[in-house]
Every structure is written in structure tokens, then in C-alpha cells.
1. Pairs of Cα atoms under 8 Å, at least six residues apart: use those to get the relative contact order of the range 224-338, whole percent.
2. Can you compute the FRET efficiency between Val244 and Leu100 using 1/(1 + (r/R0)^6), with r the Cβ-Cβ distance and R0 = 22 Å? Round to the nearest 0.05.
3. Pull up the cross-link candidates among the aspartates and glutamates for Lys318, meaning alpha carbon to alpha carbon under 18 Å and not fewer than 8 places away within one chain.
4. Under a point spin-label approximation (7 Å from Cα along Cα-to-Cβ), what is the Tyr4-Ala211 distance to one decimal in nm?
5. What are the ³J(HN,Hα) couplings of the range 87-92, residue after residue, when phi is run through the Karplus curve with 6.51, -1.76, 1.60 and θ = phi - 60°? Round to Hz, x for glycine and proline.
6. Per DSSP helix of 4 or more residues, -39500 (n - 2.57); summed, then divided by the residues of the chain. What does that give at 222 nm, rounded to the nearest 500?
7. Which residue, chosen from Leu217, Gly264, Ala77, occupies the Cα position most advanced towards the positive end of the dipole of the chain, where the dipole is computed from +1 (Lys, Arg) and -1 (Asp, Glu) charges on Cβ about the Cα centre?
8. Quick check: residue separation of Lys308 and Ala47 times 0.36 nm, minus the Cα distance between them. What number comes out in nm?
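Read the figures in this text as sums done on the coordinates, not as results from a lab. Given the structure is predicted, the values throughout are model-derived calculations rather than measurements. FYI the Cβ positions are ideal-geometry reconstructions off the backbone, even for glycines, and counts take in every protein chain you see.
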Amino acid sequence: MTDYAKLVYNGKSYDLPVITGSEGERGIDITQLRNQTGLITLDPGFANTGSCQSAITFMDGEEGVLRYRGIPVEDLAEHSTFREVAYLLIHGNLPTRKELTRFSVLLNDNSLIHEDMRTFFQNFPRTSHPMGILSSMVNALRSFYPELKDTEEDIDLVVARLVSKVRTLAAMSYKISRGHKVVYPRHDLSYCANFLYMMFNSPVSPYEIDADIVKALNVFLVLHADHEQNCSTSAVRLVGSGRVNLYAAISAGIAALWGPLHGGANQAVIEMLEEIHARGGNLRNVVERAKDKKNSYRLMGFGHRVYKTHDPRAKVIKKTCDTLLEKLNIKDPLLDIAKELEEIALKDDYFISHNLYPNVDFYSGIVLRAIGIPTNMFTVMFAIGRLPGWISQWKESLDDPSWKLCRPRQIYTGPTRKEFVPINERG
């Protein structure tokens with residue numbers, strides 16, 4: 001039996017259906033609101049608006065829960081590989097050994113990029129941000145590879161092409177930005193190990209694969225693989241609703257992720273630590289500034305817009321972070337500041353009472369720095385991790401029988417009708 005919410009307007013009553021999700025989430029269906037009442041809703045930032053029904057990711061900000069296709073993200077980070085998680089998100093189930101082998105072969109076979117694309121790289125100004133380059137290059141893939149067809153086999157090929165080539169594009173952009181020789185992937189390495197090899201191997205200093213570093217990168221990518229209808233995912237769905245090709249939709253997602261309030265948060269953490277270090281490392285003063293309501297200063301990497309208790313990803317990556325720093329025994333003043341800041345915040349009554357715990361961005365920035373990833377590549381790493389989520393969201397919207405072109409409304413607040421004044425009469 002369907003529940004209804006009653007809206008009373010201008011003396012008339014309207015029954016609006018209440019939709020209930022599989023985890024008990026409830027939302028008022030306003031699909032017919034404008035047709036019935038002439039009204040629209042106004043929700044800046046869409047914090048109270050559901051744009052779709054989705055079977056991919058469930059998150060509960062009050063309880064600190066995140067699950068991919070029903071499986072807790074903590075279990076996936078501990079027991080699975082990024083390839084398995086990518087398959088899970090895109091296909092809806094964890095792969096069998098045979099399915100994973102086939103997917104791995106597709107990833108390996110499509111890991112190289114067209115040699116002509118190197119010309120694009122070499123003509124970007126050296127000061128270009130890697131995210132701008134990556135967004136442009138992903139969009140350019142449409143020109144180098146056949147258009148997607150509506151068959152499962154063709155979709156699998158394009159998915160594998162994107163997941164594999166974006167990794168190669170990211171590593172290549174780093175090498176070219178430094179004027180170094182491009183390193184090509186190896187067929188005998190895992191997804192994460194291959195990325196590290198392409199990033200850091202050189203003829204004069206062969207890169208030795210470290211299982212703990214590979215594991216840390218795997219955890220990072222798994223934890224970032226999807227996060228419901230966030231800014232970049234919504235951008236992929238919005239652009240994709242125009243039935244553009246997958247490359248263009250993913251390019252839009254990369255551009256949306258670029259912002260410091262979204263994908264750039266882990267980079268902002270490192271920049272904050274650099275600023276604290278440059279100012280002498282007085283953490284007590286920094287913490288007091290952050291607690292002062294009259295001060296606009298904020299600590300980056302603490303609290304979360306959606307999670308009101310704790311970020312479930314933070315606990316997982318904190319463990320990875322602690323293990324990695326202990327093993328590598330890195331002497332880095334920024335990492336020392338980060339550990340001291342974490343200790344202060346976790347014991348401070350203000351941070352505890354306001355649920356301002358270190359989030360995934362705080363620890364992921366430290367992990368990436370420890371691995372050796374340059375700060376301006378942090379958001380690119382986020383994009384590599386989020387790619388399976390974007391693809392699965394795009395695919396789900398493509399298969400949705402109730403698909404509609406996204407076209408939000410607005411409340412106009414500009415001037416009412418004005419007469420046109422010829423230029424000679426405008427004074």
C-alpha cells in the first residue's frame with residue numbers, strides 16, 4: 001500500500017506518493033507537482049532532493065555507513081582488489097574467477113593509448129594542471145576509438161578501455177610534465193602495481209614494487225570508487241542524460257571533481273600542513289583559530305558534509321596510513337604535523353562534541369604523499385578511483401526505463417518586462 005504526503009495549497013489538498021527505498025529511506029515523489037499545482041520546489045545545493053533511484057551505493061550519514069551494492073566498504077577495502085570493486089559497481093555483483101580473469105585481460109589489452117595522443121600531451125603548457133589535461137584527454141578518446149554501441153560486449157570494452165587508459169594517461173601526464181621518458185604498462189603487474197611502475201620507474205632508477213605500498217594504493221582507490229550522488233557523479237548523470245557518449249560524460253565528472261570543495265580536499269590538507277609548517281608549526285594556535293566562531297579559518301580534512309558522526313572510510317585508511325608510515329619510516333615534517341594535529345583533535349572536547357573527526361581526505365592526503373605522489377596529482381588519483389562509480393552511474397541511468405533529460409527549474413528574481421531602448425536614446 002502506497003503512503004502519501006498531503007500538501008495543502010490555496011485551499012486545495014494534494015496527495016503526493018512517498019517512495020521507500022530498500023534501506024528504509026523515504027522521499028516524497030513530486031513528479032506531478034507542477035502539473036497539479038503550478039508550483040516547483042526550491043532546494044539550493046539539492047541537499048533535500050533525490051535526483052534518481054539507484055541500486056549502486058547506499059550511505060547513511062547519521063550512522064556512518066557506506067556500502068557498494070550492499071557490501072560494506074570496510075570489507076571490500078580489506079579483502080578485495082580495485083578490479084573486483086570496479087566489476088562489482090559496474091556489473092552489480094562480485095566477479096567469479098572466470099569473470100575477473102576476462103575483465104583483467106580486457107584491462108591489460110586496452111592499457112596502451114594511441115601514440116598520436118602523445119602529441120596532445122606535449123603541446124599542453126607545462127603549467128597546466130593535471131586535472132585539466134586529464135579531462136581534455138578523456139574527452140579526446142572519443143576521437144581515437146569507435147563509438148559505443150548498445151550491446152553488453154561493446155559496453156564492457158569501452159568500460160575496460162576507460163578504466164585502463166585513464167590510469168595510463170595519468171602516469172603519462174606525470175612523466176611528460178617532468179620531461180621524463182614515458183613508461184608503458186607491464187602485463188605481469190596488477191592494476192595498482194602497474195600504475196606505480198609507470199609513475200616511478202626510470203632507466204637510471206628501476207622502481208621496486210612494494211606489496212604494502214600497492215596495498216595502500218588499492219585501499220585508497222577502493223574507498224573512493226563511489227559515493228552516491230555527489231557533485232561529480234551528478235555531473236556525469238546530468239551530462240549523460242543528454243545521451244552524450246561515455247567519454248564526454250566522464251570528462252564532465254573529472255572537471256566537477258577538480259574543485260577544492262570536492263575532489264581537491266585531500267590536496268587542501270597537504271597545503272594546510274605546508275602553511276602550518278611555514279608558520280612555525282604552532283598547532284595549539286591553529287586549533288584555537290579553528291574553534292573560534294568569529295574566525296573564518298577552518299582545518300581541512302575534519303568533519304564531512306554528509307557524515308554527521310564518523311566517515312566510515314576514515315577508519316580504514318587511518319589503519320593503512322599508520323601501517324605505511326611505520327614501515328617506510330619517512331622523515332617528513334608535514335607528516336609529523338599531521339599526526340600531532342590528529343592527536344590533538346581526537347582529544348579536544350570541541351572537535352568531539354561537533355563530530356569534527358579526521359575524514360578520509362585527511363588520511364588519504366598523507367598516504368599519497370608517503371607513496372610519493374606529487375600534490376598536484378592528488379585529485380587525479382581521486383578521479384582514477386571514482387571512475388568505476390561514474391561509469392556504473394552512467395550505465396544505470398542509460399538503462400533506466402524512466403529516463404528523462406535533466407532540466408532543473410528556477411525561481412526567477414530578475415527585473416520584470418522592460419522596453420528596449422535604442423542605443424542613441426540611452427544617454
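1. Numbers: 61 pairs, mean separation 23.3, N = 115.
Computed value for the range 224-338: 20 percent relative contact order.
2. My answer for the efficiency is 0.15.
3. Glu74, Asp75, Glu78, Asp212, Glu326, Asp332, Asp336, Glu340, Glu342, Glu343, Asp361
4. 6.3
5. 5, 4, 5, 6, 9, x
6. Working: 18 runs with 222 residues, N = 427.
Counting only the DSSP helices, I get -16500 deg cm²/dmol.
7. It is Gly264, whose Cα lies furthest towards the positive end.
8. Numbers: separation 261, 0.36 × 261 = 93.96 nm, distance 1.40 nm.
Going from the current span to full extension adds 92.6 nm.
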